[in-house]
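*Asks:* Dropping a structure here in structure tokens format, bear with me for questions.
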Amino acid sequence: MEDSPEPYSGFVSLILSFFNTFNAEAAIALFVMFLLLVLSALVSGSEIAFFSLKHSQLDNLRESSHKNALRIINLLEKPKRLLATILITNNVVNIAIIILSTFISQIVFNLDDYIIAAFIIQVIVVTFLILLFAEVLPKVYATQKNEEFSLMIAGTLIFLRKFFYPLSTLLVRSTNFIDKRLAVKKTGLSANELSHAIDITHEETGTEEDKQLLYGIVQFSNIYAREIMKSRMDVVAVAEDIPFNELINVIVDAGYSRIPVYRESFDNVIGILYIKDLLPHLDAREEFKWQELIRNCFFVPESKKINDLLKEFQEKKIHMAVVVDEYGGTSGIVTLEDILEEIVGEINDEFDIEETIYSKVDQQNFVFEGKTLLKDFCKITGIDYNTFNDIKGEADTLAGLILEIKKELPYKGEKIRFDDFEMIVDAVDNRRIKQVKVKLNNPVKKE
């Protein structure tokens with residue numbers, strides 16, 4: 001009696017026929033493929049890690065003693081080249097993974113007779129592996145641990161930047177060329193052209209208030225923080241060690257809802273005191289530690305554009321920023337109200353004390369405070385702000401403009417002529433110009 005065939009022998013034979021011999025070449029290729037998959041994951045995650053570093057993290061890295069900290073700063077100094085290096089490496093490595101996977105599958109599997117299986121292994125499985133282990137997982141991790149990830153991969157990226165330098169240079173120059181071409185095509189009306197268009201349309205219809213509102217909107221993105229800030233000379237601030245009773249007196253006299261607090265000098269502002277935080281403690285004793293109520297302050301450079309600053313105010317839900325110069329010294333403060341006034345004009349509430357920065361003698365003659373901002377001076381007199389572009393330098397006030405023209409502190413009564421008006425220094429001390437008389441030879445008529 002003959003033995004009956006095994007029930008699964010046909011199925012096993014079918015499965016075995018799908019596999020070829022797994023040899024040393026396949027093992028080496030598989031190991032190399034694994035290394036490339038790891039490299040792809042590191043490079044892919046580095047894109048998220050590097051470009052998500054915050055300013056505070058970069059400041060910490062500059063002060064860090066870690067050997068890769070300076071490498072990170074060095075890489076981010078040329079972000080386009082860094083991105084080009086990452087993209088080139090990622091694509092080269094992924095292509096190498098696909099080629100190796102095809103080579104391995106040809107050795108291990110008999111794909112000539114199994115077309116569908118070949119498609120699943122060579123396309124779907126390999127693509128899934130690359131997406132999961134070389135794209136999704138490393139980017140999720142890099143988002144959570146961007147600083148640690150950057151420190152880990154910085155040395156590798158420095159090497160890759162040198163290795164792919166010719167290719168990255170070609171890519172960067174190509175994108176720069178495309179950027180310039182697109183920039184030319186996107187260029188529309190300039191702010192000056194829009195302002196001229198507003199003047200033309202205003203002659204036919206519209207009120208002066210509408211015209212000024214449109215001017216504010218057009219020029220909004222071209223205004224820097226230093227042009228609208230309150231100068232440090234006019235800022236009410238308190239020292240960190242001021243007694244509580246004296247602090248209350250300063251607050252009552254100033255009438256502000258927020259006051260900067262400094263340590264030793266105003267160049268070292270340590271925070272902002274919100275007056276509302278003091279309300280529950282008005283009956284506190286003189287020994288009350290009011291310093292515990294100080295909140296962190298937001299620092300911005302003088303060159304910060306106010307449209308970007310407005311977005312940051314909205315994101316951080318704050319109303320005040322401390323403006324610092326290039327040396328880290330305090331230049332002044334800028335508030336949300338200062339920014340909005342550039343569009344809608346002066347905003348006064350029932351608690352504001354109107355500060356007179358000028359007096360109008362007649363249609364041609366004015367008397368201005370030296371600290372008057374050039375933007376306000378132009379709004380009051382109707383002079384085009386661009387008139388001063390070639391001479392104002394870094395000046396943002398009327399007194400600063402005179403100093404830029406004279407290159408020295410003028411004497412009282414000295415006349416300075418420029419364009420269609422003349423300025424007479426009316427009051428000056430050893431350090432600054434306090435008051436200026438301005439005569440317009442061709443005054444702008446306002447409706």
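The values are calculated or read from the model by the stated rules, or taken from the named source; none is laboratory data. Treat the numbers as computed from the prediction; the structure is a model and nothing was measured. Note that each Cβ is placed from the backbone with ideal geometry, even for glycine, and that neighbours are counted across all protein chains shown.
*Asks:* Is it the case, given these coordinates, that Q314 is assigned to a helix (DSSP H, G or I), polar (S, T, N, Q) and exposed (fewer than 15 other Cβ atoms within 10 Å of the Cβ)?
*Replies:* So Q314 passes the test.
*Asks:* Would you check which residues across the range 387-426 are of a type in the set (A, V, I, L, M) and without any contact (Cβ under 8 Å) to a residue 24 or more places away in the chain and list them?
*Replies:* Answer for the range 387-426, where residues must be of a type in the set (A, V, I, L, M) and without any contact (Cβ under 8 Å) to a residue 24 or more places away in the chain: A395, I405, I416, I424, V425.
*Asks:* What number of residues within the range 376-424 are in a strand (DSSP E or B) and either within 22 Å of E227 (Cα to Cα) or out of contact with any Pro (no Cβ under 8 Å at 6 or more places or on another chain) (or both)?
*Replies:* 8
*Asks:* Given the conditions (1) within 22 Å of the chain's Cα centre (by Cα); (2) in a loop (DSSP other than H, G, I, E, B), and given that V334 satisfies all but one, which numbered condition is not satisfied?
*Replies:* Just one mismatch for V334, condition (2).
*Asks:* Among the acidic types (D, E), without any contact (Cβ under 8 Å) to a residue 12 or more places away in the chain and under 30 Å from S221 (Cα atoms) - does that describe any residue in the range 311-321?
*Replies:* Looking for residues that are among the acidic types (D, E), without any contact (Cβ under 8 Å) to a residue 12 or more places away in the chain and under 30 Å from S221 (Cα atoms), one finds at least one in the range 311-321, hence yes.
*Asks:* Further question: Here are some residues: L61, L76. Which one is at pLDDT 80 or above, within 31 Å of the chain's Cα centre (by Cα) and buried (at least 19 other Cβ atoms within 10 Å of the Cβ)?
*Replies:* L61
*Asks:* Of a type in the set (A, V, I, L, M) and within 21 Å of S56 (Cα to Cα): is that true of V269 in this structure?
*Replies:* Judged against the criteria, V269 is a match.
*Asks:* A further question follows. How many of the residues in the range 358-374 are surrounded by fewer than 16 Cβ atoms within 10 Å (Cβ to Cβ) and either under 29 Å from the mean Cα position of the chain (by Cα) or farther than 19 Å from K412 by Cβ (or both)?
*Replies:* Adding up the residues that qualify gives 4.
*Asks:* Is it true that some residue in the range 104-121 is more than 17 Å from I158 (Cβ to Cβ), part of a helix (DSSP H, G or I) and either modelled with pLDDT of 85 or more or not hydrophobic (A, V, I, L, M, F, W, C) (or both)?
*Replies:* yes
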